[in-house]
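Colleague: Have a look at this one before I ask anything.
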Amino acid sequence: MKYTTAFAAALTVLALSACDRPTVVTTPAVITVPGPAGPAGATGATGATGAQAEKGATGETGATGSTGSTGASGEPGKSGSTVVIIPAEPAAPAR
């Protein structure tokens, strides 16, 4: 049994080393040599105009402002003062 195991191991090594290894195929590198520039291409067509946007919603009404403060009272009249009243011009008669 001692020789059988050693013989089987040696036979396995020989069998595996006799297998055909795949050959690596290398392709030659492609070398590009730049030539003169070609003519310019034609101009592309103009794109379509976009759709018009919708009108926005009306804003809310603002808050009402505060009432202003009351004005100061006038001075009382003085005795002996003369008050002149100028009447308004009379209205023109209707025709």
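The values are calculated or read from the model by the stated rules, or taken from the named source; none is laboratory data. Not measured: the values here are computed from a predicted model. Here the Cβ is made from the backbone with ideal geometry for all residues, glycine too, and neighbour counts use every protein chain on show.
Colleague: Would it be correct to say that Thr61 is out of contact with any Gly (no Cβ under 8 Å at 6 or more places or on another chain), modelled with pLDDT of 80 or more and of a type in the set (S, T, N, Q)?
Modeller: Answer is yes for this residue.
Colleague: Take the conditions surrounded by 10 or more Cβ atoms within 10 Å (Cβ to Cβ), more than 60 Å from the chain's Cα centre (by Cα) and modelled with pLDDT of 80 or more and apply them to Thr4. Does it pass?
Modeller: Details: surrounded by 10 or more Cβ atoms within 10 Å (Cβ to Cβ): no; more than 60 Å from the chain's Cα centre (by Cα): yes; modelled with pLDDT of 80 or more: yes.
Criteria not met by Thr4.
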